[in-house]
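Undergrad: Below is a structure I'd like to ask you about.
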Amino acid sequence: MKFSAISAAGLLGGLAAATLVVAPVATAAPDCTASGVANTVSTVSGEARDYLNAHPGANQAVTAAKSQSRPDAEANLRGYFTANPQEYYELRGILSPIGDTQRTCDVQVLPPDLAAAYTTFMAG
């Protein structure tokens, strides 16, 4: 798995702490209306926050990475999620609706800094 340290920390921390634009976890095609995309943001943000709250190790790794240099954060996140692959795959599942919404709705739903983090994190 390869991660952009600050990016992944920013993405996961941002999703856990703030409302970002992403898609609902349902298997149906994303709702591309403004309200549908906003609902996606709320749903995925809440699920990421709940997941991190229930997984203190992941929460601590992401929180710590936000205050580290990019190389240190990347190495620490990679180390954590390599040692805990189930958590990595579970978070990928929670975050995957972002890509679904972007592809289906032909929109960029994340700000540039978080878009890079999302792409890196999802690539593994």
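Undergrad: Pick from L91, L95, L114, L110: which is closer than 29 Å to A34 by Cα, of a type in the set (A, V, I, L, M), surrounded by 14 or more Cβ atoms within 10 Å (Cβ to Cβ) and in contact with a Gly (Cβ under 7 Å, 6 or more places away or on another chain)?
TA: L114
Undergrad: Looking at (1) part of a helix (DSSP H, G or I); (2) modelled with pLDDT under 85, find the lone condition where P30 falls short.
TA: Unmet for P30, out of (1) part of a helix (DSSP H, G or I); (2) modelled with pLDDT under 85: (1).
The values are calculated or read from the model by the stated rules, or taken from the named source; none is laboratory data. What you see is a predicted model; the values in this text were computed from it and never measured. A quick note on method: Cβ atoms are made from the backbone with ideal geometry, for glycine too, and the neighbour counts reach across all protein chains shown.
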